[in-house]
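J.: Got a structure for you, written out below as structure tokens; questions coming shortly.
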Amino acid sequence: DGGITQSPKYLFRKEGQNVTLSCEQNLNHDAMYWYRQDPGQGLRLIYYSQIVNDFQKGDIAEGYSVSREKKESFPLTVTSAQKNPTAFYLCASSTSPGQGGNEQFFGPGTRLTVL
Amino acid sequence: AQTVTQSQPEMSVQEAETVTLSCTYDTSESDYYLFWYKQPPSRQMILVIRQEAYKQQNATENRFSVNFQKAAKSFSLKISDSQLGDAAMYFCAYRSAWGGSNYKLTFGKGTLLTVNP
């Protein structure tokens, strides 16, 4: 079955620690995205990648880092510099808009809690 | 920058009735895409319907339809014959069709829909 997987489903972090959230897709999509969702808020874009070895900052990139070494994978690291990391994190992917794609498919999400 | 506004934080509807969720957006662009996503309690984001701005015809997907008013920058979602499974948070989203920002989805804050039996 094609889709997007995120792991873990729940993640707990102590203050001062870096943590990495996993996102894998087998849809053969070029573009991948990370969003953050807070209560009462819509989704806000953290980072996106149009193609392997390339990524761009979104609206709230401070305190986060990403890599895109493989087409299938787009891990997100929440660093200790992120002041308020407790949130629900969603990964998404799509075909390149230049190829006519415009729908983003989402993973099931990771709930990160800082203790 | 584009903004998306959903003015109804919560809505409720009786099962089998019809409900309309509102969405307005602000943009200076002429070509773009609009989406409605559904997020049930599982928190999985599911695409409900999409509309290309260059198409005048309103999109329809089974019980879901939109009223797209480009001049008014309005994009409402109508759910007909509401079912218990329609209960969810609904998000309106905008995406530019051109330029370096055309990868980005801008979301509204959502409308929580309750369906009463």
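The values are calculated or read from the model by the stated rules, or taken from the named source; none is laboratory data. Keep in mind that this is a model prediction, so the values were computed, not measured. Positions of Cβ are generated from backbone atoms using ideal geometry, with glycine treated the same way; all protein chains shown enter the neighbour counts. The accessibility values were calculated without ligands, DNA or RNA, using every heavy atom of the protein model including side chains. Shrake-Rupley method; radii C 1.70, N 1.55, O 1.52, S 1.80 Å.
J.: Given (1) modelled with pLDDT of 95 or more; (2) over 13 Å from the mean Cα position of the chain (by Cα); (3) over 16 Å from B:Ala16 (Cβ atoms), identify the lone condition not met by B:Ala97.
T.: The single condition B:Ala97 does not satisfy is (1).
J.: Considering only residues that are in a loop (DSSP other than H, G, I, E, B) and basic (Lys, Arg), look in the stretch B:36-79 and name the one that is farthest from the other protein chains (Cβ to nearest Cβ).
T.: Among them, the one singled out is B:Arg63.
J.: Given the conditions (1) of a type in the set (Asp, Glu); (2) within 12 Å of chain B (Cβ to nearest Cβ); (3) within 11 Å of A:Met32 (Cα to Cα), report the number of the one that A:Glu103 does not fulfil.
T.: All conditions pass for A:Glu103, except number (3).
J.: Another one. Just give me the residues in the stretch B:88-115 being free of Cβ contacts under 8 Å to residues at least 60 places away in the same chain, in a loop (DSSP other than H, G, I, E, B) and either at the interface with chain A (Cβ under 8 Å from one of its Cβ atoms) or touching a Leu at 6+ places or on another chain (Cβ under 6 Å) (or both), in sequence order.
T.: The one that is free of Cβ contacts under 8 Å to residues at least 60 places away in the same chain, in a loop (DSSP other than H, G, I, E, B) and either at the interface with chain A (Cβ under 8 Å from one of its Cβ atoms) or touching a Leu at 6+ places or on another chain (Cβ under 6 Å) (or both): B:Lys104.
J.: Select, from B:Ser7, B:Ser28, the only residue that is at pLDDT 95 or above and either over 25 Å from A:Gly107 (Cα atoms) or more than 11 Å from chain A (Cβ to nearest Cβ) (or both).
T.: B:Ser7
J.: Related question: Filter the stretch A:57-115 down to residues that are over 25 Å from A:Asn26 (Cα atoms), open to solvent by less than 50 Å² (accessible area, probe 1.4 Å) and outside any strand (DSSP E or B) and give me whichever is modelled with the lowest pLDDT.
T.: A:Gln82
J.: Among the residues of the stretch B:73-92, which ones are over 21 Å from B:Pro40 (Cα atoms) and open to solvent by 70 Å² or more (accessible area, probe 1.4 Å)?
T.: Once the filter is applied, which keeps residues that are over 21 Å from B:Pro40 (Cα atoms) and open to solvent by 70 Å² or more (accessible area, probe 1.4 Å), the stretch B:73-92 yields nothing.
J.: State the number of residues belonging to the stretch A:19-56 that are buried (at least 17 other Cβ atoms within 10 Å of the Cβ), at pLDDT 95 or above and of a type in the set (S, T, N, Q).
T.: 2
J.: Any chance the stretch B:35-47 includes a residue that's in contact (Cβ under 8 Å) with a residue 60 or more places away in the chain and over 11 Å from the mean Cα position of the chain (by Cα)?
T.: Scanning the stretch B:35-47, I find at least one residue that is in contact (Cβ under 8 Å) with a residue 60 or more places away in the chain and over 11 Å from the mean Cα position of the chain (by Cα), so the answer is yes.
J.: Quick check on my filter: what residues within the stretch B:10-35 are exposed (fewer than 14 other Cβ atoms within 10 Å of the Cβ), out of contact with any helix residue (DSSP H, G or I) (no Cβ under 9 Å at 6 or more places or on another chain) and not in a strand (DSSP E or B)?
T.: If the condition is that a residue be exposed (fewer than 14 other Cβ atoms within 10 Å of the Cβ), out of contact with any helix residue (DSSP H, G or I) (no Cβ under 9 Å at 6 or more places or on another chain) and not in a strand (DSSP E or B), then B:Ala16, B:Glu17, B:Thr18, B:Ser28, B:Ser30, B:Asp31 are the ones that fit.
J.: While we're here: Can you confirm whether A:Ala87 is in contact with an Asp or Glu (Cβ under 6 Å, 6 or more places away or on another chain) and closer than 30 Å to B:Glu10 by Cα?
T.: yes
J.: Report the residue count in the stretch A:37-54 for those that are among the hydrophobic types (A, V, I, L, M, F, W, C), over 21 Å from A:Pro85 (Cβ atoms) and part of a strand (DSSP E or B).
T.: 1
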